[in-house]
């Protein structure tokens, strides 16, 4: 869910008589059926309602929050989406978003074989906090106001911010992976 400016793309799928096939974005004037798909998204970004690309329906929504949403919470989002195998949909946000993902976070995740494509630094107002099953604060006394009626669980981790230190970033990445793995095991244990 994104509450800023939206770009709307319309794709039209048509069925043409006698061909048994589909054409997109147009077709002959004697089109017999038209179905439209609207996808709203911020310019150049994937829609916030989209989770992992797996075919399994996500069962838990988890939000990772840090101050800048540029490093720790971004790594946790990438790891949880990968390790959750479609049973968990991870999000990240910051109380004061930096507007960029740090080079350290991108490098550490790339080294681990994870892409952060489709992720961007965003504020809490840009994610549906109220529907989260779990909200994880990453430390540094981050403020994450819980919306009225929030029924999920709040978890506090004390994950240090690696800043621009690449080696420390790797160590923090390992710590985040351990924490994410334990959280996912706990959540997925409840699915049995």
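If packing is taken as the average count of other Cβ atoms within 10 Å, what order do 164-176, 110-122 fall into, highest mean first?
On the way: 164-176: 16.8, 110-122: 15.1.
Order by mean packing, descending: 164-176, 110-122.
Rank-order 153-162, 94-103, 78-87 by packing density, defined as the average count of other C-beta atoms within 10 Å over each peptide's residues, highest first. Display every interim value, and only then the final one.
Working: 153-162: 15.7, 94-103: 17.6, 78-87: 20.9.
Highest to lowest by the protection proxy: 78-87, 94-103, 153-162.
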message: At a 10 Å Cβ-Cβ cut-off, how would you order 66, 140, fewest neighbours first?
response: 140, 66
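No lab work stands behind these numbers, since they all come straight from the coordinates. Small disclaimer: the values here were computed from a predicted structure and weren't measured. Backbone-built Cβ (ideal geometry, glycine too); neighbour counts: all protein chains shown.
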